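Enquirer: Questions regarding the structure given below will be posed in turn.
The values are calculated or read from the model by the stated rules, or taken from the named source; none is laboratory data. Worth saying up front: this structure is predicted, and the values here are computed from it rather than measured. Every residue, glycine as well, gets a Cβ built from its backbone with ideal geometry; the counts of neighbours run over all protein chains shown. Surface accessibility is based on the protein's heavy atoms, side chains included, excluding ligands, DNA and RNA. Shrake-Rupley method; radii C 1.70, N 1.55, O 1.52, S 1.80 Å.
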Amino acid sequence: MSNAIFVREGTAFLATPFAAGPWHPELQHGGAPSALVAWAAEQVETAVPMRVARVTVELLRPVPVDRLEVATEVIRNGRKIQLVQVQLLHEGKEVTRANVLRVRVADEPLPAGSQMPRATSSPDDVAEDDQFRDSLPGAVNFGANFDMRRIRGGFRQLGPGQVWFRQHRPLIDGEPLSPVARAMAVADFSNGIAPTLPFDEWTFINADLTVNFARTPVGEWLFSDAETWAGEDGAGLAMTQLSDEQGPFARAVQSLVLERR
């Protein structure tokens, strides 16, 4: 078995068991396709230097741990913004659709007091944690791709979650892991590290994921400070602030479908 989450097969990508999520061993964790579509959009050339400002992922169908075709289309290609649509297809059916917005980068010195807030936490201050690898069925799954240092929360601990993540496994065999793809993978853990319903009695699968980036993250360690709101109509929201060791860089939101097992 490859040591990557995906293996390239021509124009397609074969998911390995490291893409599997907690709900079913043959279905992908949302972080795997979310990271893959971000990577695909970043391969599209831009007219001027740009960075990713937003990624919106629609998980239209369960994404199998199988071979996926990737299709990209440039919707808008300007000098200030670029909008790329990415589709993941399984056996000809669209399973994931994403819109990736990129904005031009420029040297714009800011006045005093308008800079981003600084970091208030460090992974060096938190003990290692392997609950996602040991407490969920099967040791080979998406959680096995990360070193984790948990302050609070988790799949079996109700309430807000705060966890440092470091992805140690490549997204695509033979390809470097981009900062945005790394962030998308971590962002999709929001509902998992901050549940309001017990995992053994409920599923709370996300139907989408949107991440807005104030800047590009730096470094290997990323911090998710997440909470979940459960509505009384079978739907909810999971939200997180994403930080690196310098401080916050993005916010993410997931729309949840709540169901009893």
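Enquirer: Among all residue pairs at least 6 apart or on different chains, which show Cβ distances below 8 Å where the first residue, located in region 116-129, is at positive phi and in contact (Cβ under 8 Å) with a residue 12 or more places away in the chain and the second is open to solvent by 30 Å² or more (accessible area, probe 1.4 Å) and of a type outside the set (A, V, I, L, M, F, W, C)?
Expert: Nothing qualifies.
Enquirer: For region 198-213, which positions are more than 16 Å from the chain's Cα centre (by Cα) and either at pLDDT 95 or above or of a type in the set (Val, Ile, Thr) (or both)?
Expert: The answer is 203, and nothing else.
Enquirer: Cβ-Cβ under 8 Å, sequence separation 6+ or interchain: first residue in region 235-248 and within 23 Å of residue 195 (Cα to Cα) and open to solvent by 20 Å² or more (accessible area, probe 1.4 Å), partner assigned to a strand (DSSP E or B) and of a type in the set (Ser, Thr, Tyr). Which pairs?
Expert: Partner pairs satisfying both residue conditions: 235/255; 237/228; 237/255; 239/228; 241/224.
Enquirer: Under 7 Å between Cβ atoms, at least 6 apart or on separate chains: pull out the pairs that start in region 58-72 with a residue that is within 11 Å of residue 98 (Cβ to Cβ) and of a type in the set (Ser, Thr, Tyr) and end on any residue that is open to solvent by less than 70 Å² (accessible area, probe 1.4 Å) and assigned to a loop (DSSP other than H, G, I, E, B).
Expert: 72/44
Enquirer: While we're here: I'd like the residue in region 22-36 that is touching a Phe, Trp or Tyr at 6+ places or on another chain (Cβ under 7 Å) and open to solvent by less than 10 Å² (accessible area, probe 1.4 Å) and, out of all such residues, is farthest from residue 67 (Cα to Cα).
Expert: Applying the filter and picking the extreme gives 31.
Enquirer: Restricting to region 249-261, name every residue that is of a type outside the set (A, V, I, L, M), assigned to a strand (DSSP E or B) and open to solvent by 10 Å² or more (accessible area, probe 1.4 Å).
Expert: 251, 255, 259, 260
Enquirer: Do any strands (runs of 3 or more DSSP E) entirely within region 187-232 hold 3 or more residues that are open to solvent by 50 Å² or more (accessible area, probe 1.4 Å) and among the polar types (S, T, N, Q), and if so, which? Don't jump to the end; show me each part of the working.
Expert: Values: elements: 202-206, 208-213, 221-230.
Passing ranges: none, list empty.
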